[in-house]
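What follows is a short report on a single structure.
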Number of protein chains: 2
Amino acid sequence: MKNTFVLIAALFICGICTAQDVVEDFKPSSVNQPGKQYPQVNSEGRVRAQILAPEANNVRLDIGGVKYEMVKDENGVWTGESEPQDVGFHYYQLNVDGASVPDPGTKYFYGAGRWGSGIEIPADDRNIYALKDVPHGLVSEQNYFSEITQSFRRCFVYTPAEYTNNPEKRYPVLYLQHGSFEDETGWPGQGQANCILDNLIAANKAVPMIIVMDNGYAYKPQTSGGGRPAMVFEEVMLNEIIPMIDNRFRTIADREHRAIAGLSMGANQTMRICMNNLDKFAYYGGFSGTSNYPSSDEINVETFLNGAFKNGKSVNDQIKVFWLGLGTKEPEPFPGSVGAFRNMLEKQGIDYVYYESPETAHEWQTWRRSLHQYAQLLFK
Amino acid sequence: MKNTFVLIAALFICGICTAQDVVEDFKPSSVNQPGKQYPQVNSEGRVRAQILAPEANNVRLDIGGVKYEMVKDENGVWTGESEPQDVGFHYYQLNVDGASVPDPGTKYFYGAGRWGSGIEIPADDRNIYALKDVPHGLVSEQNYFSEITQSFRRCFVYTPAEYTNNPEKRYPVLYLQHGSFEDETGWPGQGQANCILDNLIAANKAVPMIIVMDNGYAYKPQTSGGGRPAMVFEEVMLNEIIPMIDNRFRTIADREHRAIAGLSMGANQTMRICMNNLDKFAYYGGFSGTSNYPSSDEINVETFLNGAFKNGKSVNDQIKVFWLGLGTKEPEPFPGSVGAFRNMLEKQGIDYVYYESPETAHEWQTWRRSLHQYAQLLFK
């Protein structure tokens, strides 16, 4: 009896503490659907979700790998909030009686292998990717049929604001790739690549450039013999995407005016593509990823990427900017594998730029900041 | 007792009938998320949805204004199907214990005032809007700041496949508007406007043209005096959108090379814009809507749209194609108001084209077909 009382008292006090801890300055998230008041975010970075589910027994907010219980009021409206989240964009879902569903209050984004809800925790540096009253480039959707994969594919192409009114001018190109379980909508969507470049170009901090954002998943058609289809993104990039872009857009079609970068899986892929094709690219950017992923072992330069980093001087001569970025809160294996890669670069005397995104993990805020940093160094 | 027996027997028989009526040839919908097997559609046009919701008490498929009960299996997976739906695209939701949520199996579309699920019932004429191996135009997203509304707005601009490789050539423009509770994503999304034009142009059935798809909702900033903000889409169209498009794209900037069309609310809006500005437009298309909506009363030509249709000969001289379309299954007030409008046109001796979309209602299949028909008559 006494124990029960203590337990109840403890729960009661704990409940009060929690309630008092939450700062009541919630505002609707900037990526809500038009007119939707929820989800909201407060100054601590807590997410408060709300959904009408009068017949439900259990509704949870599923964000950052944690499911937070929500509470029903007398009208059948469930409300609940998360612990503070890192600044920037996060994927999340609601869980209604065991069904994992998008929150009907938000716009939807492709990540974690699904179209689902997203939320934006305002960051102090949000101006770098905000939609501002500066000249805006176009983001153009290009459908194309791939002979290699025998399927329709799609890329988004950013052209800077001045592109349409300078019909004679040609532009350098950055090929920019998403991560695993994401697609070509990642960079122009939650990545805000167009806003980042619009703002940099308007401030004269980046050279006007074209950015091509394609889908990193590409497989040859399944053969009758079965087995896992071969991943052929490098082949699609070199033989289909680059020729198509050079044909349809006013590019400067040489290695000195072509950069390639990617995040996570895309960093891994684009490093291989870059180092295998130094006649095509002069700039590399790896955001939260390297091709030795997931290993943190010392890299054997004789064998790694067929010895691409064996001759440090040759790499320095050919790559104008070799750029790596990582969030300070990224989990293993990222710090370990990027660290091992940096050790190799240093041992080989290869010049590179290293950027750390403060207080962000393996998420879009790290990659927005990485693009913001990296783009300023290109084609100069 | 006897009555109860009859009732149970009747329900039992009815249950068997229903089960036997469903043709078991369901296939995943073409607008599912990558890799998602549900929802599915059968040859009757029934929609079968499925969702894991082990703790739920009641899950329903909410489509076409009807909520269909779904049934739980031993693994907590709910499955259920609708009555046959009309061919084409439909918005729908799932209802999990009273929560109306998007189906996690589909891509999401903006309509009915929300981002939500969509499903595609294959139509015999689906080739007109299918993504085919023909030259593909670009769909370009243009953000802009409106001085009139003091807000960021967005349009999508379709440029035909040949546009990028004919730097000297200029093109006519169709301004194409969505309906109520929809937005600028409607036509390039579920409307498949780009595919419709790609296919028509590849078959030499339509002149290569630019299509501009903007957002029909535009309000002046709320004044301190309160009250409902004024709707100013016409002002935005004339003073901001058209000048921006003529500046940024290679248009032929005269009335003979400018068409305007819209669906439902957009038909109503664009008819007003067209008739108020005959110095700007020479082609009009009204898909499932007219400016006398929702009235089916006889139109008074003296007062209707400030007498714009009073002089039939003048209208005939100025409008090269006056086009109206309607689905044969549309509910009132559409047939009534469009009918009253046609009566007025005929009384005034005004030439017009009238198209009926077979077996479709006030939905996107009617509007895809309307665009397919209308675009073939433009700029010839």
* Return the total of residues in the stretch A:95-137 being out of contact with any Phe, Trp or Tyr (no Cβ under 7 Å at 6 or more places or on another chain), facing chain B (nearest Cβ under 7 Å) and assigned to a strand (DSSP E or B). => 5
* For the stretch A:356-376, which residues satisfy the criterion of being free of Cβ contacts under 8 Å to residues at least 60 places away in the same chain and in a loop (DSSP other than H, G, I, E, B)? -> A:358
* Taking only the stretch B:31-67 into account, find how many residues are closer than 22 Å to residue B:126 by Cβ, within 12 Å of chain A (Cβ to nearest Cβ) and polar (S, T, N, Q). => 2
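Mind telling me which of the residues B:338, B:321, B:315 ends up being in contact with a Ser or Thr (Cβ under 7 Å, 6 or more places away or on another chain) and modelled with pLDDT of 95 or more?
Numbers: B:321 fails: in contact with a Ser or Thr (Cβ under 7 Å, 6 or more places away or on another chain); B:315 fails: in contact with a Ser or Thr (Cβ under 7 Å, 6 or more places away or on another chain).
The unique qualifying residue is B:338.
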* Structure fact -> Residues of the stretch A:298-354 being closer than 16 Å to residue A:274 by Cα, in contact with a helix residue (DSSP H, G or I) (Cβ under 7 Å, 6 or more places away or on another chain), assigned to a loop (DSSP other than H, G, I, E, B) and aliphatic (A, V, I, L, M), in sequence order, are A:308, A:350
* Structure fact -> Residues of the stretch B:138-178 being within 16 Å of residue B:252 (Cα to Cα), within 24 Å of the chain's Cα centre (by Cα) and outside any loop (DSSP other than H, G, I, E, B), in sequence order, are B:157, B:158, B:159, B:173, B:174, B:175
* **Residue match in the stretch B:251-259 (condition: touching a residue at least 60 places away in the same chain (Cβ under 8 Å), of a type outside the set (Ser, Thr, Tyr), within 14 Å of chain A (Cβ to nearest Cβ) and more than 24 Å from residue B:178 (Cβ to Cβ))** => no
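Working carefully through the options B:140, B:100, B:82, find the one that is among the small types (Gly, Ala, Ser), in the same structural domain as residue B:251 (by TED's automatic domain parsing) and at pLDDT 95 or above. Don't jump to the end; show me each part of the working.
Details: B:100 fails: in the same structural domain as residue B:251 (by TED's automatic domain parsing); B:82 fails: in the same structural domain as residue B:251 (by TED's automatic domain parsing).
Only one candidate passes the filter, namely B:140.
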* Quick check, is residue A:200 more than 13 Å from chain B (Cβ to nearest Cβ), crowded, with 20+ Cβ neighbours inside 10 Å and outside any helix (DSSP H, G or I)? -> no
* Can you name every residue in the stretch A:123-161 that is among the small types (Gly, Ala, Ser) and more than 24 Å from residue B:158 (Cα to Cα)? -> A:123, A:130
* Asked: When the stretch B:188-213 is examined, which residues are found to be free of Cβ contacts under 8 Å to residues at least 60 places away in the same chain and in contact with a strand residue (DSSP E or B) (Cβ under 9 Å, 6 or more places away or on another chain)?
  -> B:188, B:194, B:208, B:210, B:211, B:212, B:213
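Has the stretch A:82-92 got at least one residue that is facing another protein chain (nearest Cβ under 8 Å) and either touching an Asp or Glu at 6+ places or on another chain (Cβ under 6 Å) or assigned to a loop (DSSP other than H, G, I, E, B) (or both)?
To start, the set of residues in the stretch A:82-92 that are facing another protein chain (nearest Cβ under 8 Å) comprises none.
Looking through the stretch A:82-92, none of the residues is facing another protein chain (nearest Cβ under 8 Å) and either touching an Asp or Glu at 6+ places or on another chain (Cβ under 6 Å) or assigned to a loop (DSSP other than H, G, I, E, B) (or both).
The values are calculated or read from the model by the stated rules, or taken from the named source; none is laboratory data. Just so you know, these numbers come straight off a predicted model, no measurement behind them. Positions of Cβ are generated from backbone atoms using ideal geometry, with glycine treated the same way; all protein chains shown enter the neighbour counts.
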